1. When the chain is modelled as a GNM with alpha-carbon springs shorter than 10 Å, which of A189, A170, A21 fluctuates the most?
2. The chain: longest stretch without exposed GluC sites (Glu not before Pro) (DSSP loop, at most 15 other Cβ within 10 Å), sites themselves excluded?
3. For a quick check of your reading of the filter: which trypsin sites (Lys or Arg not before Pro) in segment 107-201 sit in a DSSP loop and have no more than 11 other Cβ atoms within 10 Å?
4. If you average the C-alpha positions of segment 56-99 and of segment 1-39 separately, how far apart do those two centres end up, in angstrom?
5. Note down the magnitude of the dipole of segment 145-201 about its Cα centre, charges +1 on Lys and Arg C-beta and -1 on Asp and Glu C-beta and zero elsewhere, to the nearest 20 debye.
6. Taking only protein heavy atoms and a 1.4 Å probe, what accessible area per residue, in Å², does segment 78-131 have with all protein chains in place?
7. How charged is the neighbourhood of A141? Take every other residue with its Cβ under 12 Å from the Cβ of A141, and add Lys/Arg as +1 and Asp/Glu as -1.
8. Only Cα pairs within less than 10 Å get springs; with that Gaussian network setup on the chain, which residue of L144, L22, L106 has the largest fluctuation?
Amino acid sequence: MRGKRVFIGPPAGSFSAQTMALIEATTGMKPNEDYEAIRLAWGAANQAFEDGKFDAFLRSGTIGSAAIDQLGSATPFRLIGIPDEVIGTEAWEKYLQTPGYAADVLPAGTYGNQANNDEDILASAFVMFTAVHKDMDEQTAYDLTKAMFENLDDAHSVSPGLTPLNLDNAFVSLAAPLHPGAVRFYEEAGVTIPPHLLPGS
């Protein structure tokens, strides 16, 4: 991306800060020093990319998003994953310390309009959280947590973005302490809770 025009997100909101942090963590490049950072509204950005107005386009979306596949309706796009040599570096580990920042595999064949859709891509990922007020009664928080994890098949069928969720990765990128009701559910389910997520820690 060095010397290229790169769409980093809309003028307002947090997405552009996230993309600039991702680019710096994976390449060391800084906006408007090493590449030209372009900000546009989402709709205008989609059209501008299709029209060839910039070279790289960073955007979020659930796995299999039709909006992303549509970007390649005229000309196939190529997805650029996190390079193997970046994984484990100090810059990458620092990036992952930000709550909500993670990485996940985008399976081969996800997008029909993707030029390199014959390979798995390690992509940046953003973790969504369900938060409740600390004063919610314990039973309600327990019931909510239990309902989610006992009905994962339904959740996965409704939203592709929830497909990766399971008890083995429930704490990925989580920094806020768990509600006591949630703790009770996880303990009953035999899930080991990281000490820093226990209430009062």
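The values are calculated or read from the model by the stated rules, or taken from the named source; none is laboratory data. Predicted model only: the values in this text are computed from it and were never measured. FYI the Cβ positions are ideal-geometry reconstructions off the backbone, even for glycines, and counts take in every protein chain you see. For accessibility, only protein heavy atoms count, side chains too; no ligands or nucleic acids. Shrake-Rupley method; radii C 1.70, N 1.55, O 1.52, S 1.80 Å.
1. Result: A189 has the largest fluctuation of those listed.
2. Numbers: sites that count: E33, E119.
Between exposed loop sites, the widest span is 34-118.
3. On the way: sites: K134, K146, R184; in loops: K134.
For trypsin sites (Lys or Arg not before Pro) across segment 107-201 that sit outside H, G, I, E and B with at most 11 neighbouring Cβ atoms in 10 Å, the list reads K134.
4. The two parts, judged by their Cα centres, are 13 Å apart.
5. On the way: 2 positive and 6 negative charges, 42 e Å.
Computed charge dipole of segment 145-201: roughly 200 debye.
6. Numbers: 3420 Å² over 54 residues.
Dividing the accessible area of segment 78-131 by its residue count gives 63 Å².
7. Details: positive: K134, K146, R184; negative: D135, D137, E138, D143.
With Lys, Arg at +1 and Asp, Glu at -1, the neighbours total -1.
8. Result: L144 has the largest fluctuation of those listed.
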